[in-house]
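A short write-up of the structure that comes next.
The values are calculated or read from the model by the stated rules, or taken from the named source; none is laboratory data. Keep in mind the model is a prediction, meaning the values are calculated, not measured. FYI the Cβ positions are ideal-geometry reconstructions off the backbone, even for glycines, and counts take in every protein chain you see. Surface accessibility is based on the protein's heavy atoms, side chains included, excluding ligands, DNA and RNA. Shrake-Rupley method; radii C 1.70, N 1.55, O 1.52, S 1.80 Å.
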Amino acid sequence: MSMKSQQENMRRLHELLSRDLSYIWGERECGPNGAKKAYLNQGKVFLRALAKDLGLRDVVVKSNAAGIAVSGDCSLCGMWEDGGIYVCIEQPVCGGENVILYRTIRNLKDHRGGYNNYIRLSELADMPYEELLRRMGALRKADVLPWAA
């Protein structure tokens, strides 16, 4: 996918994450045509292209719709030769700003990983895709010694 199309995907994700994705007052909203379904599909498309742009191998992209009171999440686990990255996109339950979490992992089954890094919803609106790649790509070069407990 081109940088321009990924920039558009980021804009669309920002738009979707700015809405209340836990909306429960209508069948269509939670059904196949709702904003939650659109967000989960857009998130998976974005993460698959992100994995290619980061040069990851052994990539796993998942989405979890969860229940009606939450947005659900989309996640990516991928490996480089010397470590990996975990990326999760979700709408915080209590209205927080952190919508993208990313951290280092040692392998695809590493559920603790390194220190959490976040991208805020307000940053997602204006951030160039190249900057997102730079931030996440920096984890590849980061010292892998400090791991969260």
Highest average packing first - 97-108, 38-49, Cβ atoms within 10 Å: 38-49, 97-108
How do D58, D73, D126 rank by accessible surface area computed with a 1.4 Å probe, from largest to smallest? D126, D58, D73
Does anyone have the angle between helix 3-17 and the longest principal axis of the chain? Alpha-carbon axes, 0 to 90°, nearest 10? 50
Between D20 and E81, what is the spin-label point distance in nm, taking each point 7 Å from the Cα along the Cα→C-beta axis? 5.1
Between helix 129-141 and the chain: long-axis angle, C-alpha atoms, 0 to 90°, nearest 10: 40
What are the semi-axes of the equivalent ellipsoid for segment 1-134, taken as the square roots of 5 times the Cα gyration tensor eigenvalues, largest first, in whole Å? 24, 16, 14
Please report, as a whole percent, how much of the solvent-accessible surface of the chain comes from carbon and sulfur atoms (probe radius 1.4 Å). 52
Between the Cα axis of helix 35-53 and the main Cα principal axis of the chain, the angle (0 to 90°, nearest 10) is 20
Working out 0.36 nm times the residue gap between N41 and E97, then minus their Cα-Cα distance, what length gain in nm do you get to one decimal? 18.0 nm
All aspartates and glutamates inside 15 Å of K141 as judged from Cα atoms, apart from same-chain residues fewer than 8 positions distant: E81, D82
Accessible area expressed per residue, segment 1-140, with surrounding protein chains retained (probe 1.4 Å, Å²): 53
Nitroxide proxy distance, nm - points 7 Å out along Cα→Cβ at H111 and D58: 1.8
